[in-house]
Each structure stands twice: as structure tokens, then as C-alpha cells.
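**Q** Sharing a structure here in C-alpha cells format.
The values are calculated or read from the model by the stated rules, or taken from the named source; none is laboratory data. A quick note: this is a predicted structure, and the numbers were derived from the prediction, not measured. Note that we place each Cβ from the backbone using ideal geometry, even for glycine, and neighbour counts take in every protein chain shown.
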Amino acid sequence: MLAIQAEGLTKRFGKTTAVDGVALAVRPGTIVGLLGPNGAGKTTVVRMLATLVRPDAGSMRVGGFDAVREPARVRELIGLTGQYAAVDEELTGTENLVLIGRLLELSRREARRRADELLEHFDLTGAARRSVKTYSGGMRRRLDVATSLIGRPRLLFLDEPTTGLDPRSRGDVWRLVRSLVADGVTVLLTTQYLDEADELAAEIAVMDHGRVIESGSPAALKAKVGGQTLEVRPADLADFAGTATIVEAVLGAAQIDLERGLVAAPVTGAGAATMADVARRLDGAGIAVSELGLRLASLDEVFLALTGVAR
Amino acid sequence: MKLVRHGLRLAWRAMLRIKHSPEQLLDLSLSPIMFVTLFVFLFGTAVAGNWHAYLQFVLPGVAVQSLLFASMGTAVGLNTDLRSGIFDRFRSLPIARTAPLLGHVLGDFFRYLVTLVVVLGYGFVLGFRLRGSVLAVLAAIGLMVLFSFAMSWPSSIIGLLAKTPTSVQGYSFLILFPLTFGSNIFVPTAKLPGWLQAWVKVNPVTQLSNAVRGLMLDQPIGATASHALLWSLAIVVVFAPVAGWIYRRII
């Protein structure tokens with residue numbers, strides 16, 4: 001049985017069609033990433049699946065239950081972390097968790113114990129008795145995710161869990177999501193970053209204008225959108241031409257981006273070996289570089305590759 | 001049953017909020033103190049000849065008025081929650097759908113009690129004396145709290161429909177001013193012009209403040225207490241389902 005199965009999901013707000021016939025199939029115990037820019041309809045899809053919004057058309061089964069006819073059953077299985085931290089700023093971390101625990105029919109003591117457990121797990125024990133308005137963005141996010149885990153959901157919706165987080169907190173969220181899936185939880189997450197979807201998801205669905213325009217494994221997607229890009233930033237602008245020559249010799253092409261001071265080229269095949277080769281040759285030519293790296297296509301590049309239209 | 005249990009647990013949240021920012025209570029207590037001071041000393045002599053006599057007359061009414069203002073707090077709290085993400089969280093939980101709404105309404109009880117203590121305490125310092133029996137005074141308090149609870153339902157409708165917490169204030173005043181000032185809280189009905197008397201006589205707040213005044217000062221109350229009680233029930237019966245309906249529609 002699929003953890004999530006949706007077909008023809010459609011939602012209109014006034015004259016705009018926010019979601020237009022979306023189909024999704026999520027296997028239990030996997031992570032599926034919904035990738036797309038702002039306004040693509042990702043959040044609306046999540047809100048429909050989490051029973052917050054009724055679809056205008058289409059069908060969806062979440063955890064085996066019809067999410068339109070039996071929303072109460074679905075709510076017993078899911079956890080939701082929305083885009084905006086859904087915690088009470090005035091309350092402490094512990095109080096927020098205990099409140100939700102009590103609403104989930106835990107006894108006072110159980111709710112307290114579960115709160116302590118989650119605070120510990122999320123490295124928030126030190127801030128447990130502080131009011132949430134004193135928390136940093138990363139801490140708030142962690143508390144928010146912790147709150148959605150109180151009822152030990154089998155299915156977790158994470159709506160842009162790392163937007164606005166610093167790289168370290170971002171890594172924390174990633175580790176957390178992986179550990180949840182290791183425990184058998186199914187995760188549907190939305191993101192604006194290909195690297196995040198690539199890092200976490202077994203399947204990626206790319207959304208644009210309310211539709212899924214592409215879906216598949218990260219490898220298949222990357223193959224389609226050109227995989228990785230090698231970027232070199234020479235320390236001295238005088239070495240720009242020399243750098244470009246070396247990159248072209250190794251990769252067969254080199255784009256010069258004077259504005260950002262970069263030489264870039266698409267990489268096909270083994271990235272690490274190619275990078276080592278370029279590094280060796282630059283070193284041999286006596287060119288010092290301030291930056292040398294591989295990066296995945298940005299969302300803009302993904303869309304350019306998939307739709308042929310620059311966003 | 002589930003609805004009430006979850007509503008109470010959500011109301012507990014309101015207690016916690018007060019615990020963390022007690023300045024909310026300061027806000028709540030200052031306005032009744034201002035009203036008492038303003039009316040007793042500014043208009044007291046003009047209306048009743050001397051302010052001591054007027055204090056006895058006006059204080060029960062100011063208590064009613066202060067509670068009604070406090071019941072409009074429901075609207076602001078509800079509206080603030082709606083605009084934040086926290087309602088999404090509540091709605092994704094397997095709890096009764098309207099429990100968050102009920103939680104807000106119930107959570108305001110404590111605020112009512114604080115308001116009452118402040119008004120009566122300050123009145124006592126100025127020389128206000130309760131003349132009714134303990135039972136009568138408790139009945140007066142019960143009537144006021146019940147009526148405020150009833151009024152927090154129309155208040156929650158404003159909270160649900162208003163675009164911002166600021167516009168909530170505006171709408172609330174549109175309701176509160178005719179209800180409180182257009183009653184016999186401040187001036188005996190007989191002293192008002194005829195057209196205003198017509199409104200004052202049908203205004204439920206008049207019934208309530210007559211009953212409260214009578215019970216606190218040991219004066220005859222006639223049918224005013226039962227009228228106030230009926231009004232409270234009627235307001236709940238009409239507005240609670242409407243609030244619930246709107247809540248389910250827009251959420």
C-alpha cells in the first residue's frame with residue numbers, strides 16, 4: 001500500500017488555479033521531494049494532503065484513508081510542519097510541546113516526558129524553559145519539527161523546512177529527516193533547492209504553475225538537467241584566460257562569467273576525478289585559485305533545462 | 001465531550017500566556033480604573049449631585065462595561081492566531097474541529113475575573129460598599145461573567161472575519177459603544193431624551209446592569225436578572241453556532 005496516493009488533485013482560489021491535476025505516489029518509508037519556486041503550488045498540495053484544504057477535484061489517499069471523506073483518521077497518522085513556525089511565541093519550548101501532547105490525549109506526565117525527550121533529541125534542553133520569542137530561527141524550526149513529532153506520526157509533511165536557515169541548521173534538519181526515515185517514517189517535503197531534494201529524496205517531483213512537470217529519481221532528473229557544474233575562481237584576474245583554457249582542455253567547454261569572476265563548465269561523468277584533474281593542471285600552470293568546486297544546477301537552471309524557458 | 005476537553009486544554013494556553021506576560025493584565029486593569037476615575041470625578045457631581053452617591057450608582061455598571069470590553073479580547077486573540085501558523089497545527093491534529101475556537105472563549109474567563117477584582121477593589125478604596133448578601137453578590141458576578149461569555153461569541157465572529165487585529169478593535173468599538181454607553185450604566189434612564197430611552201430600554205446591557213446594581217446594593221431587581229439570563233442564553237444560542245459555522249467555512 002502506498003503512503004500517499006493522489007490523482008488529479010486540483011485547487012482553485014478565485015480565478016487562479018493553484019494546483020492543477022497533480023498526481024503523486026509515495027512509498028512508505030521514503031522521502032519524496034516537491035521541488036519548485038514560490039507560487040508553484042507546493043504548499044497547497046501539502047495543505048490538501050494534510051486535510052487543511054479541501055481539493056476542488058481529484059482524489060487522495062493518505063495512509064490508506066480517503067483524506068476528503070475521513071480527515072479525522074488521516075490526522076491521527078500525520079505530522080505537519082508548515083512554512084511558518086506554528087508555535088506560540090509567548091510560551092516556553094516545554095509548554096508548547098506539552099500543550100500539543102495534551103491535545104493528543106497524553107497524560108500530564110506522559111506529555112511532560114515526551115516533551116523532555118524531544119527537547120533533548122533536538123538539542124533544545126538548555127532553552128526548554130525560555131519563551132520561544134527568544135529563540136533563533138534555527139531553534140524555532142527545530143521546536144516546530146519537534147512539535148509535529150509528538151504523536152509519533154507515520155507520515156510527516158515538511159513545508160520548506162530549511163528556508164531561511166543557516167547552513168549548519170540546514171544540515172541539522174537534513175540529519176533529522178534521515179533519522180526519521182530510518183525509523184520507518186514517510187516524509188513529503190517541499191523545497192526550492194535542488195541540492196536539498198537531491199540530498200534527501202528518493203523521488204523528486206518538480207512543480208511549476210500548479211502542475212508536476214517532471215518526476216523521477218534525483219539521478220534521472222540530474223541527467224536531464226545537466227547534472228553538475230564545475231566552477232573555478234582564479235585568485236588573480238590576470239589568470240582568467242589561462243584558467244579558461246585549462247577547463248576547456250579537460251571538459252571540452254568553458255563559460256566565462258566575468259561578473260562573478262568565475263569560469264564554469266558542465267560536468268558529465270565522474271565529478272571528483274574531473275575536479276582533481278583540473279586542480280592538478282592549474283597547479284602545474286602556477287595558477288592560484290580562491291575557489292574550486294562542483295555544484296548542482298540551481299532551480300533556475302533546472303527550469304531552463306526542463307521547460308526551455310528562463311524564469 | 002472531546003470538544004470541551006480539548007477546549008479546556010487550549011484555554012490553559014491563555015493562562016500560560018498571562019503567566020509569561022503579566023503586562024496583558026495591566027492593560028486590562030488600567031482601563032476600568034480609568035473609567036471609574038473618569039466617570040466618578042468628572043461626571044459624578046453633574047449627574048448625581050455628589051460623587052459619593054454616584055460611585056454607588058455607577059460602579060456596578062462600570063464592572064459590566066469593563067467585562068464587556070474584556071470579552072472583546074477574544075476577537076483580538078483569535079484574529080492574531082488565525083494570521084499565524086499555529087491554527088494550521090491545531091487543525092492538523094486529531095482534535096475536535098472547533099476546539100481552538102472554544103479554547104479562546106474559555107481562556108478569557110480568567111481575564112474576566114481579574115477585571116472584576118480590579119473594578120470592585122478600586123471602587124472599595126474610593127468608598128464603594130456592597131450592600132447585598134454574599135449570595136446576591138455572587139449571583140451578580142455570575143450574571144456578568146455569563147453575559148461576557150455570551151458576548152465573546154459575537155466577538156469571536158469579528159475576530160474570524162476581520163483582516164487584521166487593528167480592524168478588530170475598530171469593529172469591536174462599534175458594537176461596544178452603543179451597548180455600554182447607550183444603557184443606564186452611567187445615567188438613569190429617566191434622565192435621557194425619549195428616543196434614546198427607547199434604545200436603552202431594549203438594550204440587554206441595561207437589564208444586566210440593573211440586575212447587577214440591584215443585587216450588589218440590595219435593591220429590588222424585578223425581572224431584570226431573569227431577562228439578563230435569557231439574553232445571555234439567547235446570544236449564545238444564536239452566535240455560538242454562527243461562529244462555529246464561519247470558523248469551519250473559512251478555516
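**Q** From (1) surrounded by 18 or more Cβ atoms within 10 Å (Cβ to Cβ); (2) farther than 25 Å from B:Arg13 by Cα, pick out the condition that doesn't hold for A:Pro28.
**A** Every listed condition holds for A:Pro28 apart from (1).
**Q** Out of curiosity, is B:Lys201 farther than 26 Å from B:Val119 by Cα and charged (D, E, K, R)? Quick ask: steps written out before the conclusion?
**A** On the way: farther than 26 Å from B:Val119 by Cα: no; charged (D, E, K, R): yes.
Answer is no for this residue.
**Q** State the number of residues belonging to the range A:88-98 that are assigned to a loop (DSSP other than H, G, I, E, B) and facing chain B (nearest Cβ under 7 Å). Give the steps one after another, and end with the answer.
**A** Restricting attention to the range A:88-98, the residues satisfying the condition of being assigned to a loop (DSSP other than H, G, I, E, B) are A:88-91.
Okay, now just the ones that are also facing chain B (nearest Cβ under 7 Å), so A:88, A:90-91.
Of the residues in the range A:88-98, 3 are assigned to a loop (DSSP other than H, G, I, E, B) and facing chain B (nearest Cβ under 7 Å).
**Q** Could I ask something else about it? In the list A:Leu165, A:Leu106, which residue meets the criterion of being aliphatic (A, V, I, L, M), over 22 Å from the mean Cα position of the chain (by Cα) and either at pLDDT 95 or above or surrounded by fewer than 21 Cβ atoms within 10 Å (Cβ to Cβ) (or both)?
**A** Numbers: A:Leu165 fails: over 22 Å from the mean Cα position of the chain (by Cα).
That would be A:Leu106, the only listed residue that is aliphatic (A, V, I, L, M), over 22 Å from the mean Cα position of the chain (by Cα) and either at pLDDT 95 or above or surrounded by fewer than 21 Cβ atoms within 10 Å (Cβ to Cβ) (or both).
**Q** Quick check on the range A:89-100. Is at least one of its residues surrounded by fewer than 19 Cβ atoms within 10 Å (Cβ to Cβ), of a type outside the set (S, T, N, Q) and in contact with a Gly (Cβ under 9 Å, 6 or more places away or on another chain)?
**A** no
**Q** On to the next question. Any residue at all in the range A:54-71 that is more than 14 Å from chain B (Cβ to nearest Cβ) and under 21 Å from A:Leu200 (Cβ atoms)?
**A** Within the range A:54-71, the subset more than 14 Å from chain B (Cβ to nearest Cβ) is A:55-61, A:64, A:66, A:68-69.
Narrowing further to those that are under 21 Å from A:Leu200 (Cβ atoms): none.
So far as the range A:54-71 goes, no, none of its residues is more than 14 Å from chain B (Cβ to nearest Cβ) and under 21 Å from A:Leu200 (Cβ atoms).
**Q** Mind counting the residues in the range A:198-218 that are over 22 Å from A:Asp20 (Cα atoms) and touching a Leu at 6+ places or on another chain (Cβ under 9 Å)?
**A** Final tally of qualifying residues: 4.
**Q** Please find, among A:Gly21, A:Gly29, A:Gly33, the residue that is in a loop (DSSP other than H, G, I, E, B) and away from every other protein chain (no Cβ under 14 Å).
**A** A:Gly29
**Q** A:Thr147 - would you say it is within 14 Å of chain B (Cβ to nearest Cβ), among the β-branched types (Val, Ile, Thr) and surrounded by fewer than 21 Cβ atoms within 10 Å (Cβ to Cβ)? Spell out how you get there, then give the answer.
**A** Numbers: within 14 Å of chain B (Cβ to nearest Cβ): yes; among the β-branched types (Val, Ile, Thr): yes; surrounded by fewer than 21 Cβ atoms within 10 Å (Cβ to Cβ): no.
Judged against the criteria, A:Thr147 is not a match.
**Q** To continue, here is another question. Of the conditions (1) touching a Lys or Arg at 6+ places or on another chain (Cβ under 9 Å); (2) surrounded by fewer than 18 Cβ atoms within 10 Å (Cβ to Cβ); (3) closer than 19 Å to A:Ala86 by Cβ, A:Ser136 clears all except one; give me its number.
**A** Going through the list (1) touching a Lys or Arg at 6+ places or on another chain (Cβ under 9 Å); (2) surrounded by fewer than 18 Cβ atoms within 10 Å (Cβ to Cβ); (3) closer than 19 Å to A:Ala86 by Cβ, A:Ser136 breaks only (1).
**Q** So, in the range B:70-102, of the ones that are β-branched (Val, Ile, Thr) and more than 16 Å from B:Pro165 (Cβ to Cβ), which residue ends up surrounded by the most Cβ atoms within 10 Å (Cβ to Cβ)?
**A** Looking only at the range B:70-102, we keep the residues that are β-branched (Val, Ile, Thr), and these are B:74, B:76, B:80, B:86, B:95, B:98.
When the remaining residues are screened for being more than 16 Å from B:Pro165 (Cβ to Cβ), the result is B:95, B:98.
Numbers: B:Ile95: 24, B:Thr98: 18.
Filtering first and then ranking leaves B:Ile95.
**Q** Within the range B:195-209, which residues are within 17 Å of B:Met151 (Cβ to Cβ) and in a helix (DSSP H, G or I)?
**A** Going through the range B:195-209, the residues within 17 Å of B:Met151 (Cβ to Cβ) turn out to be B:202-209.
Passing the criteria: B:Val202, B:Pro204, B:Val205, B:Thr206, B:Gln207, B:Leu208, B:Ser209.
**Q** Could you list, in sequence order, all residues of the range A:37-48 that are more than 11 Å from A:Thr190 (Cβ to Cβ) and within 14 Å of chain B (Cβ to nearest Cβ)?
**A** Scanning the range A:37-48 gives a single hit, A:Met48.
**Q** Failed condition for A:Leu221, given (1) closer than 24 Å to A:Asp20 by Cα; (2) surrounded by fewer than 19 Cβ atoms within 10 Å (Cβ to Cβ); (3) not small (Gly, Ala, Ser), with all others met?
**A** Condition (2) is where A:Leu221 drops out.
**Q** Looking for something closer than 17 Å to A:Leu149 by Cα, buried (at least 22 other Cβ atoms within 10 Å of the Cβ), within 12 Å of another protein chain (Cβ to nearest Cβ) and of a type outside the set (Val, Ile, Thr) - is there at least one such residue anywhere in the range A:113-125?
**A** Within the range A:113-125, none of the residues are closer than 17 Å to A:Leu149 by Cα, buried (at least 22 other Cβ atoms within 10 Å of the Cβ), within 12 Å of another protein chain (Cβ to nearest Cβ) and of a type outside the set (Val, Ile, Thr).
**Q** Mind checking which residues of the range B:14-57 are among the charged types (D, E, K, R) and in contact with a Gly (Cβ under 9 Å, 6 or more places away or on another chain)? Before the answer, list the steps.
**A** Applying the first criterion (among the charged types (D, E, K, R)) to the range B:14-57 yields B:17, B:19, B:23, B:27.
If the condition is that a residue be among the charged types (D, E, K, R) and in contact with a Gly (Cβ under 9 Å, 6 or more places away or on another chain), then B:Arg17 is the only one that fits.
**Q** Further question: Is there any pair linking a residue in the range A:118-142 that is in the same structural domain as A:Thr94 (by TED's automatic domain parsing) to one that is assigned to a loop (DSSP other than H, G, I, E, B) and aromatic (Phe, Trp, Tyr), with Cβ under 7 Å and at least six apart or on different chains, and which?
**A** Close Cβ pairs satisfying both conditions: A:Ala127/A:Tyr135; A:Arg142/A:Phe122.
**Q** Considering only strands (runs of 3 or more DSSP E) fully contained in the range A:237-311, which possess at least 2 residues that are modelled with pLDDT of 75 or more and loosely packed, with under 15 Cβ neighbours inside 10 Å? Steps first, answer last, please.
**A** Working: elements: A:255-257, A:262-267, A:289-296.
Those strands (runs of 3 or more DSSP E) span A:255-257, A:289-296.
**Q** For the range A:64-83, does any single residue satisfy the condition of being among the basic types (Lys, Arg) and either under 16 Å from the mean Cα position of the chain (by Cα) or assigned to a strand (DSSP E or B) (or both)? Quick ask: steps written out before the conclusion?
**A** Step one: of the range A:64-83, the residues among the basic types (Lys, Arg) are A:69, A:73, A:75.
Among the residues that remain, those that are also either under 16 Å from the mean Cα position of the chain (by Cα) or assigned to a strand (DSSP E or B) (or both) are: none.
The answer is no, given that none of the residues of the range A:64-83 is among the basic types (Lys, Arg) and either under 16 Å from the mean Cα position of the chain (by Cα) or assigned to a strand (DSSP E or B) (or both).
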